[in-house]
Amino acid sequence: MAEEKKAVIEGIAIDSETGEPIFAAPIKIMDEAGNNVVAETSTDMNGEFRVVVPAGRRYQLLMFGQIYQPVQAKILDDEGRFTPVTEEGRRIRIESVKVKLAEVGIEA
């Protein structure tokens, strides 16, 4: 039986307002439909992440953090197409913004 070829998906998560890396954000790589988790990791201190997945398939990415808006997106190639991730892998950049909390007044 032939061994399944692997691909690396790596990237960086950035706060789109400050340009700072997003630290310790959970990352899930989902199947093409976005229904099943294929791989999981989290960003490091520099906002970077890396996962190994089966090559030749299309994937979606889900990133969420305690204070950031969740991001779910198709993993696109350099030309912006939703193509299978090849053995050469794929490098992506994710941007999110902090959740804005409404101020609540308390009356005595």
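The values are calculated or read from the model by the stated rules, or taken from the named source; none is laboratory data. Keep in mind the model is a prediction, meaning the values are calculated, not measured. Note that each Cβ is placed from the backbone with ideal geometry, even for glycine, and that neighbours are counted across all protein chains shown.
In this structure, does Ile94 turn out to be surrounded by 13 or more Cβ atoms within 10 Å (Cβ to Cβ), among the hydrophobic types (A, V, I, L, M, F, W, C) and over 30 Å from Glu3 (Cα atoms)? For Ile94, the condition - surrounded by 13 or more Cβ atoms within 10 Å (Cβ to Cβ), among the hydrophobic types (A, V, I, L, M, F, W, C) and over 30 Å from Glu3 (Cα atoms) - is met. The range 1-102 holds strands (runs of 3 or more DSSP E) entirely within its bounds, and those carrying 1 or more residues that are of a type in the set (Val, Ile, Thr) map to 6-15, 26-30, 37-42, 48-54, 71-74, 90-96.
Among the numbered conditions (1) over 15 Å from Val71 (Cβ atoms); (2) at pLDDT 95 or above; (3) among the hydroxyl-bearing types (Ser, Thr, Tyr), the only one that Thr18 does not meet is (2). Ile106 passes every criterion in (1) outside any loop (DSSP other than H, G, I, E, B); (2) at pLDDT below 85 apart from (1).
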